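Student: One structure follows; several queries about it will come next.
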Amino acid sequence: MAYNVFPALAGRGWDIKKRALWSTIKHAAASGAEYRTALMQYPLYEFDLTVPYLSLADWSTLFAFYNQQSGSFLPFYFTHDNDSTETLQAFGTGNGSLTGFQLVKSDSTYLEPIAGLNGTASVYANGTLILASGTGAPASPTLGQTGGGAKSARTMYARISYVDAAGNESTSSAEASFAVSTNNLLTVASPSPSTGAVSWNLYLNTA
């Protein structure tokens, strides 16, 4: 489900208070020993905002947002000024069959799941950006020639792309060109392996 985002108000103050909320059952025995049971695996967060000045435009925006959410009925996203991004956070190790992982964020040594994503994530595999097709963009192909055929001299142009297991094709590589000599054939080297790619396509032309 796509959630709405709490509106940016021009008159909002700088300070934002954030507190973690946990639910724990506490039982004290007659001996004084305490037994505790955590009811939540991860905390909920509560935020306090100040709006020293609410312009007519801001009031209208806030009023419309409140009605759009049916009061307190629908959840929504809130963008914290200083705590709304995560960069280069490891979240899973693939083994060839395990391909689904939960995005997480780190606060020092504490990891918790990212339950909602406001925007688009950039995912890397061993430092290589994975495109929407599930593979990285290929490098320009390496071209050469070998003796054979009976064609005249010509210049060939080539691009390649990766294909993932679902049949999705990546963006194409940069174009490469090669001047093939008379009575020679063009050769194209296989591209370097890429995470998620199971095959590759070659596109050739003389222009």
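Student: Take the conditions more than 30 Å from Ala176 (Cβ to Cβ), free of Cβ contacts under 8 Å to residues at least 24 places away in the same chain and not acidic (Asp, Glu) and apply them to Ser122. Does it pass?
Tutor: no
Student: Every residue in the stretch 179-207 that is part of a loop (DSSP other than H, G, I, E, B) and either without any contact (Cβ under 8 Å) to a residue 60 or more places away in the chain or touching a Leu at 6+ places or on another chain (Cβ under 7 Å) (or both), please.
Tutor: Ser181, Thr182, Asn183, Ala189, Ser190, Pro191, Ser192, Pro193, Thr206, Ala207
Student: Here's something else I'd like to know. For the stretch 125-178, which fully contained strands (runs of 3 or more DSSP E) count at least 2 residues that are closer than 30 Å to Leu103 by Cα and within 25 Å of the chain's Cα centre (by Cα)?
Tutor: 128-130, 154-164
Student: Still on this structure, I have one more. Output the residues belonging to the stretch 1-32 that are among the β-branched types (Val, Ile, Thr) and surrounded by 10 or more Cβ atoms within 10 Å (Cβ to Cβ).
Tutor: Correct list: Val5, Ile16.
Student: Name the residues in the stretch 5-32 that are outside any loop (DSSP other than H, G, I, E, B) and either touching a Pro at 6+ places or on another chain (Cβ under 8 Å) or touching a residue at least 40 places away in the same chain (Cβ under 8 Å) (or both), would you?
Tutor: Within the stretch 5-32, Val5, Ile16, Lys18, Ala20, Leu21 meet the criteria.
Student: For Tyr35, state whether it is farther than 30 Å from Glu175 by Cα, open to solvent by 90 Å² or more (accessible area, probe 1.4 Å) and in a helix (DSSP H, G or I).
Tutor: Answer is no for this residue.
The values are calculated or read from the model by the stated rules, or taken from the named source; none is laboratory data. The structure displayed is predicted, hence computed values, not measured ones. Ideal geometry is used to build each Cβ from the backbone, glycine not excepted, and the neighbour counts take in all protein chains shown. Note: accessible area is taken over every heavy atom of the protein model, side chains too, but ligands, DNA and RNA are not part of it. Shrake-Rupley method; radii C 1.70, N 1.55, O 1.52, S 1.80 Å.
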